[in-house]
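Read the structure below first, then the notes.
The values are calculated or read from the model by the stated rules, or taken from the named source; none is laboratory data. Just so it is clear, the model here is predicted, and its values are computed rather than measured. Backbone-built Cβ (ideal geometry, glycine too); neighbour counts: all protein chains shown. Only protein heavy atoms, including side chains, enter the accessible area calculation; ligands, DNA and RNA are left aside. Shrake-Rupley method; radii C 1.70, N 1.55, O 1.52, S 1.80 Å.
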Amino acid sequence: MHHSITILTGAGISAESGISTFRDPGGIWTQYDIEDVATPEAFARNPALVHDFYNTRRDQVRSARPNAAHEALARLQKSYSAPVHIITQNVDDLHEKGGAVDVIHMHGSYQTALCAACGSRWPAPPAMRHDDPCPSCAAPATRPDVVWFGEMPYHMDQIDEILSTTSLFVSIGTSGAVYPAAGFHRLARAAGAATLELNLEPSEITAMFDEARHGPATQLVPAWVATLLAE
Ligand code: APR
């Protein structure tokens, strides 16, 4: 019995829903250069190219369905006797489509547009363009609401608070290649939490976890949730 469970997910939890991961063979960063599409400098240099990249990925996500791993986490949130926090690095909405609530999107979301001039947000159109006028300030400064390399992830105060009080930290489908998410296990452990990695294969930080199980998320996650709910 834990007094709270904190789950961090990465692209691997959406892989079996047909959404490409970033660093696996054939992954997004083997097809695109981060410097061209996922930095503030890239956007300043060529906003149309950056919007094309995200419009394409938003399209891929629109038709994607949540898989058994997303649905199992939603079941855990609903039925577990203590709070279950889901922090995701993913910008897809498959956790929500699978029934999860209060998902913390630390890298933003494909579902919203952001005004680079005044900071207001609105539901993302299917195809976003830089000169779409902001509904609040009318500036033609529309950008994807995604945290680029070199930018601060969202909700970090809330995340620090959650990690400092959780009793079980579980990392699912992430390579542990990108900070600050790759350091969350250390914060949780410092607060006395047990740590578990559920991933297709050992991540860069597997050795830092108390326990690591390797295999597809659609097998590992439902089995792990079933054990917890049977306790
Ligand atoms: N089941 C479980 N894990 C899987 C599966 C699967 N079916 N398929 C792949 N994985 C694992 C891989 O083994 C890998 O460790 O998911 C991980 C995906 O790693 P990345 O592609 O690096 O994705 P992620 O960890 O989410 O990247 C972190 O980097 O590019 C930035 O902002 C972007 O949020 C992203 C961040």
Portion, in percent, of the accessible area of the range 1-77 that falls on carbon or sulfur, probe 1.4 Å: 52
How large is ³J(HN,Hα), in whole Hz, for each residue of the range 170-180 in order, when computed from phi with the Karplus curve 6.51 cos²θ - 1.76 cosθ + 1.60 and θ = phi - 60°, using x for Gly and Pro? 10, 9, 10, x, 9, 7, x, 9, 10, 8, x
If each Cα of the range 76-145 is one equal point scatterer, what is log10 of I(q)/I(0) from the Debye formula at q = 0.16, 0.18, 0.23 Å⁻¹? -0.62, -0.71, -0.94
Per the helix-only model, the chain has a calculated mean residue ellipticity at 222 nm (DSSP H runs of ≥4, -39500 (n - 2.57) each, divided over all residues, rounded to the nearest 500) of -9000 deg cm²/dmol
Cα convex hull volume per residue for the range 177-228, in Å³, equals 81
Mean projection of the alpha-carbon convex hull of the range 56-112 over all orientations, in nm²? 3.8
Report, in debye and to the nearest 20, how large the dipole of the chain comes out about its Cα centre when Lys and Arg carry +1 and Asp and Glu carry -1 on their Cβ. 380
Roll a 1.4 Å probe over the protein chains and send me the accessible area per residue for the range 65-148 in Å². 40
For the range 100-231, what log10 I(q)/I(0) values come out of the Debye formula at q = 0.14, 0.15, 0.21, 0.22 1/Å, with one point per alpha carbon and no solvent? -0.77, -0.85, -1.21, -1.28
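About the Cα centre of the range 143-195, what is the dipole size in debye to 20, counting +1 per Lys and Arg Cβ and -1 per Asp and Glu Cβ, all else neutral? Don't jump to the answer; show the numbers that get you there.
Working: 3 positive and 5 negative charges, 46 e Å.
Once rounded to the nearest 20, the dipole reads 220 debye.
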I'd like the projected area of the range 6-59, averaged over all directions, using the convex hull of its alpha carbons. Report it in nm² with one decimal. 4.6
Which value, in debye to the nearest 20, describes the size of the charge dipole of the range 14-61 about its Cα centre when Lys and Arg Cβ atoms bear +1, Asp and Glu Cβ atoms bear -1, and nothing else is charged? 100
Length gain on complete extension for the stretch Ala44 to Ala207, per 0.36 nm per residue less the alpha carbon to alpha carbon distance? 54.8 nm
May I ask you to give the percent of accessible area on the range 106-189 that is carbon plus sulfur, with a probe radius of 1.4 Å? 58
On each of the three principal axes the extent of the alpha-carbon atoms of the range 20-94, given in whole Å and largest first, is 50, 22, 22
Of every Cα-Cα pair in the chain, the percent that sits beyond 28 Å: 30
